[in-house]
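Enquirer: Structure below; questions to follow.
Here, each number is a calculation from the coordinates, and none is a lab measurement. Every value quoted in this text rests on a predicted model; they were computed, and no experiment measured them. Note: ideal-geometry Cβ built from the backbone for every residue, glycine included; neighbour counts use all protein chains shown.
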Amino acid sequence: MQRACIWAKIALISVITTGFFLTALWGCDKAIPLFRSVPPYYPELSTLASPGNVIRSVAKEFDFIAHINALGLRGPEIDLEEKKAFRIAVYGSSYTYGWGVNEEDSFVFRLGDALQHAGLSVEMINLGRNGGAPPQYAALAAETIPLLKPDLVIVAVGQGCDLFWTGPPTVSEYLYRMFHRYLPNLTALAHQLTNPVPPAPPAPYIPETEEQLKQMQESNQQFARECYKKLPPAQKDRFNALEETIREVFFSGLYNVGGVLLALQTPDLYANAVDPDRADLHRGKKWLKKYLATIARSAREVDAQTLVISVPFGSYVNRPAWERTRRIGFDTPPDMLTSTAMDDVIESSAQDLPFFSTTKAFRDHIDKPDLFFEYDLHMASEGHRLFAQTIAPWVEAHVRTSMNNLAASPATNK
């Protein structure tokens, strides 16, 4: 009995101490603006590209330039003070970013162009994140939706990786995001103190010389050789069994070696998405559902609707891309080109959110060879064109409905 009382007192003291500490932190956070000017800090945006930069990416199959705005997003500058058009925010991975194509060829730009031609005044914001997955989409949305105040949110979910790379955040990620959410001024002050010298504005873009491009290629070649040396024996054997052409491209310095490395590490990644009985697919569905609901909740806070669109991966919708996926080391059972399991998972995870799939439209062009890059596997310019063309009428209908709702409810928080 006495021991129980001691533990009860310890628990009570711990609760009181924790409460006092958290209250003190909250008070400090609220007091900071009274004594010091601290510019807002957006940790998710800060992990994207350097603001104001111009990035050129050269590979065997493409040579494209990305113009980065002041927020670190690909595309033109965004007026945070005043919206001059119906604003559409598109979240997704490198497929949304438009990896491999120039901005005017990306589906985000093409979709905006189609809506403009339909007589709608819209502003498209590309929030595609290279290497991103649903956990990053949700975190970026939670940070940027209150900032951008979009009128419509589109989440572009990939048919392959997004179904598996969608687990819970790590403890450190969770704590950091909670700290920033509830103590934004302390987070901004900590960032300011640890980065006392603001970055210099980027210099005007000067195209790389042939010598600079050669140096970049040599650096990439060295990186590829180092990656090969670090491969476990079993993966090295699988690499050596690949076609000579694939091995040459890998070491060329003009290829993102991540595609082949992913195939060596998880050869059944894309094949698993068409097996509805897999436990990890059910786990992915559970977390995808949570992340989509989180994004929709953030959107509702600014009176925006959320749409979910399935982004086609070539291995499921295009025979040449399916064959190329096999060539770089992935398992590609034939039913990948007929199954709808990957879309079924995304649609089910969307719950009551409007959902759209372009799988049929792409399979109608199943033998068209130029929809996806041969080695990189991302959508090529023609793939972006078909994707935007297919989703445009559906998105247009939702935009018109949202515009009518806004017109009928002029009192809005935007």
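Enquirer: Once the piece of chain linking residue 247 and residue 290 is laid out straight, how much longer is it, given 0.36 nm per residue of separation minus the C-alpha distance between them?
Expert: Residue separation times 0.36 nm, minus the Cα-Cα distance, leaves 11.5 nm.
Enquirer: Run through the range 225-318 and list the trypsin sites (Lys or Arg not before Pro) located in a DSSP loop whose Cβ has at most 10 other Cβ atoms within 10 Å.
Expert: Filter output for the range 225-318: 230.
Enquirer: A further question on this structure: What net charge do the residues around residue 296 carry, taking every other residue with its C-beta under 15 Å from that of residue 296, with Lys and Arg at +1 and Asp and Glu at -1?
Expert: -1
Enquirer: Provide the convex hull volume over Cα atoms per residue for the range 168-295, in Å³.
Expert: 230 Å³
Enquirer: Set Lys and Arg Cβ to +1 and Asp and Glu Cβ to -1, take the dipole of the range 210-272 about its Cα centre, and tell me which of 216, 263, 253 lies farthest positive.
Expert: Of the candidates, 263 comes out farthest on the positive side.
Enquirer: A further question on this structure: Taking the Cβ of each residue in 178, 342 as the centre, tally the other Cβ atoms inside 10 Å and list the residues starting with the fewest.
Expert: 178, 342
Enquirer: Would you mind computing Rg(Cα) / (2.2 N^0.38 Å) for the range 1-104, counting N as its residues?
Expert: In units of the 2.2 N^0.38 Å rule of thumb, it is 1.91.
Enquirer: For a quick check, take a GNM of the chain with Cα springs below 10 Å and name the residue from 28, 227, 161 with the largest mean-square fluctuation.
Expert: Among 28, 227, 161, the largest mean-square fluctuation in the Gaussian network model of the chain belongs to 28.
Enquirer: Calculate the dipole size of the chain relative to its Cα centre from +1 charges on Lys and Arg beta carbons and -1 charges on Asp and Glu beta carbons; express the result in debye to the nearest 20.
Expert: So the magnitude is around 1620 debye.
Enquirer: Taking every eigenvalue of the Cα gyration tensor of the range 241-303, multiplying by 5 and rooting it, what semi-axes result, largest first, whole Å?
Expert: With the √(5λ) rule applied to the range 241-303, the semi-axes are 36, 19, 7 Å.
Enquirer: Using r as the Cβ-Cβ distance of residue 367 and residue 10, and R0 as 56 Å, what FRET efficiency do you calculate, to the nearest 0.05?
Expert: According to the calculation, E is roughly 0.20.
Enquirer: Which residues in the range 41-67 have a backbone N closer than 19 Å to a point placed 7 Å from the Cα of residue 170 along the Cα-to-Cβ line?
Expert: 43-48
Enquirer: Output the Kirkwood hydrodynamic radius of the range 18-64, Cα pairs only, in Å rounded to one decimal.
Expert: Across the range 18-64, the inverse of the average 1/r is 14.9 Å.
Enquirer: Note the direction-averaged projected area, equal to a quarter of the hull surface, for the Cα convex hull of the range 210-272, in nm².
Expert: Here the figure is 4.6 nm², rounded to one decimal.
Enquirer: Please go through the range 1-40 and write out the trypsin sites (Lys or Arg not before Pro) that DSSP classes as loop and that have at most 14 other C-beta atoms within 10 Å.
Expert: Within the range 1-40, the qualifying trypsin sites (Lys or Arg not before Pro) (loop, at most 14 other Cβ atoms within 10 Å) are 36.
Enquirer: Of all the C-alpha pairs in the chain, what % are more than 34 Å from each other?
Expert: 38 percent
Enquirer: Sticking with this structure for a sec: Please compute the length gained on full extension between residue 23 and residue 338, using 0.36 nm multiplied by the number of residues separating them and subtracting their Cα-Cα distance.
Expert: Net length gain for the segment: 107.7 nm.
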